[in-house]
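Everything on this sheet refers to the single structure shown next.
The values are calculated or read from the model by the stated rules, or taken from the named source; none is laboratory data. In this text the structure is predicted, and so the values were computed from the model without any measurement. FYI the Cβ positions are ideal-geometry reconstructions off the backbone, even for glycines, and counts take in every protein chain you see.
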Amino acid sequence: MQGVFEFYCLPPGPERPKLPERLFFCLFPDTQTAIYTRGFAERFVCENRLQGTLLQAPRLHISLQHVGDYGYLRTKFVYAARQAGKAVSMHPFEVVFRFVKSFEGAPSINGRRRRRPLVLLGEGEALSELHKSLGAAMEKNGLRAAKLFTPHMTLFYGLKPVPMQAIEPIRFVAREFALVHSERGLTRYNVIDRWSFQG
């Protein structure tokens, strides 16, 4: 008896970039602050009639250092990044956002319009100190580190530019930072490790 085979056409998955695995260090706000900030972003987008994509509360973060984008995640880079993270020592500190604006974003490609990130601008010497300390630790472990740093939290991606404007300050106390594996194109974050600030 001849077997019967059924073939199903699976829908195509989301389009992913050539280097889909990203490794980076960041600060996540506490859950309460993340939910409040997501609510602020929703109201701001609605009041200004912006069209685009809002980030969900669990994805809100301040990027500290970009480790790299890879075709696949190699153990040696994860190990070096974890060694760098372990070497950083700081006390908890307050992060304050007093302004919102949009960045220019990447240029348009393949006929797609420019997507401009709407961001909160972060303040505080401790943020810059953390960025610098982490960068120095990365370089000691054979990784490249960025020298320039504009602390910010991305809320939304849209088409319309938004000029800088003051907001009711949003604050939270940073008590730890994290090493994250981002699956680009899938909007998934995997926390590889976390380090608490002491004191």
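Please specify each residue of region 154-173 satisfying the condition of being farther than 20 Å from A34 by Cβ and of a type in the set (A, V, I, L, M).
L159, V162, M164, A166
Report, by residue number, each residue of region 71-80 that is closer than 21 Å to K18 by Cβ and surrounded by 15 or more Cβ atoms within 10 Å (Cβ to Cβ).
If the condition is that a residue be closer than 21 Å to K18 by Cβ and surrounded by 15 or more Cβ atoms within 10 Å (Cβ to Cβ), then L73, F77, V78 are the ones that fit.
Could you give every pair whose Cβ atoms fall below 8 Å, whose first residue belongs to region 140-152 and is basic (K, R), and whose second residue is part of a loop (DSSP other than H, G, I, E, B), counting only separations of at least 6 or pairs across chains?
Note: pairs meeting the criteria are K140/A87.
Considering only region 33-68, state which residues are more than 15 Å from M153 (Cβ to Cβ) and free of Cβ contacts under 8 Å to residues at least 24 places away in the same chain.
Across region 33-68, the qualifying residues are R43, C46, E47, R49.
Considering only region 132-141, I want to know if a residue exists there that is surrounded by 19 or more Cβ atoms within 10 Å (Cβ to Cβ), modelled with pLDDT of 95 or more, in contact with a helix residue (DSSP H, G or I) (Cβ under 6 Å, 6 or more places away or on another chain) and under 25 Å from E21 (Cβ atoms).
Checked against the condition, which is being surrounded by 19 or more Cβ atoms within 10 Å (Cβ to Cβ), modelled with pLDDT of 95 or more, in contact with a helix residue (DSSP H, G or I) (Cβ under 6 Å, 6 or more places away or on another chain) and under 25 Å from E21 (Cβ atoms), region 132-141 yields at least one hit.
For residues that are polar (S, T, N, Q) and either in a loop (DSSP other than H, G, I, E, B) or touching a Cys at 6+ places or on another chain (Cβ under 9 Å) (or both), scanning just region 123-165, find the one that is nearest to Q51 (Cα to Cα).
T150
Please work out which one of (1) at negative phi; (2) at pLDDT below 95 is the condition G111 fails and give its number.
(1)
Quickly run through region 166-199 and pick out the residues that are modelled with pLDDT under 95, assigned to a strand (DSSP E or B) and charged (D, E, K, R).
E183, R188, listed by residue number.
Which condition number does P151 fail, the rest of (1) of a type outside the set (A, V, I, L, M, F, W, C); (2) over 20 Å from Y36 (Cα atoms); (3) within 15 Å of the chain's Cα centre (by Cα) being met?
(2)
Here's the yes/no breakdown for (1) assigned to a helix (DSSP H, G or I); (2) touching a Phe, Trp or Tyr at 6+ places or on another chain (Cβ under 8 Å); (3) surrounded by 12 or more Cβ atoms within 10 Å (Cβ to Cβ):
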{"position": "F25", "(1), (2), (3)": "no, yes, yes"}
{"position": "A34", "(1), (2), (3)": "yes, yes, yes"}
{"position": "G39", "(1), (2), (3)": "yes, no, no"}
{"position": "V45", "(1), (2), (3)": "yes, yes, yes"}
{"position": "H66", "(1), (2), (3)": "no, yes, yes"}
{"position": "D69", "(1), (2), (3)": "no, no, yes"}
{"position": "M90", "(1), (2), (3)": "no, yes, yes"}
{"position": "K101", "(1), (2), (3)": "no, no, yes"}
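Taking the stated definitions as given, is A84 at pLDDT 95 or above, loosely packed, with under 14 Cβ neighbours inside 10 Å and under 19 Å from the mean Cα position of the chain (by Cα)?
no
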